[in-house]
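Derivation of every value follows stated rules applied to the coordinates shown; laboratory data play no part. Since the model is a prediction, treat every value here as computed from it, not as a measurement.
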Amino acid sequence: MLPLPNTSQTVVADAARLRLDACQLELLAGARSRVRVRFVGAAEACGADLEAGHEFTATHEGSTCPGGDLRLAALATFDALAQATGHALTFELIGAKPVRAFDATVIMVAAVVRVAGAGTKVIGAAVDEGDPITTAARAALQAVNRLVAPHLSAGPSCHPR
């Protein structure tokens, strides 16, 4: 299990959270899909101009199917988050699945997050309000956000070498 950050790290990390800016599904020839996600980082956490911010984009392609498209969105999200943390974290997707609960569809994403060889299982969920692909990306982010945030304020994305 991964250690939880101390309070002083959490305060800094909260300012460094990433925001899902765009998520797009593109249907390709040959029953293939491509999902592209873009995240924007908190500029003030990285010492950049407030308007400039940091942008992390990732794309994943695979076979077209409802469950497969959800997986592509989660995988693209994890790739963007790995970029944002300078690959300090690695992500293994266990699954992405729509679940009916409380008179709503909830997309759930399960994954294993590894830091320096130690891994922990996480689950994220987001209510689908009509765009299941974006909801899957939000659920993937929700699953790992607290583990990612401490690596954003001190990561290579904020301090280029």
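Rg to Rh ratio, the stretch 74-154, alpha-carbon atoms and Kirkwood radius?
Working: Rg = 12.7 Å, Rh = 12.7 Å.
Looking at the stretch 74-154, the ratio lands at 1.00.
Taking θ as phi - 60°, what are the ³J(HN,Hα) couplings along the stretch 54-64 by the Karplus curve (6.51, -1.76, 1.60), each to the nearest whole Hz, with x for Gly and Pro?
Whole-Hz 3J(HN,Hα) from phi for the stretch 54-64: 10, 10, 10, 10, 9, 10, 9, 10, x, 5, 7.
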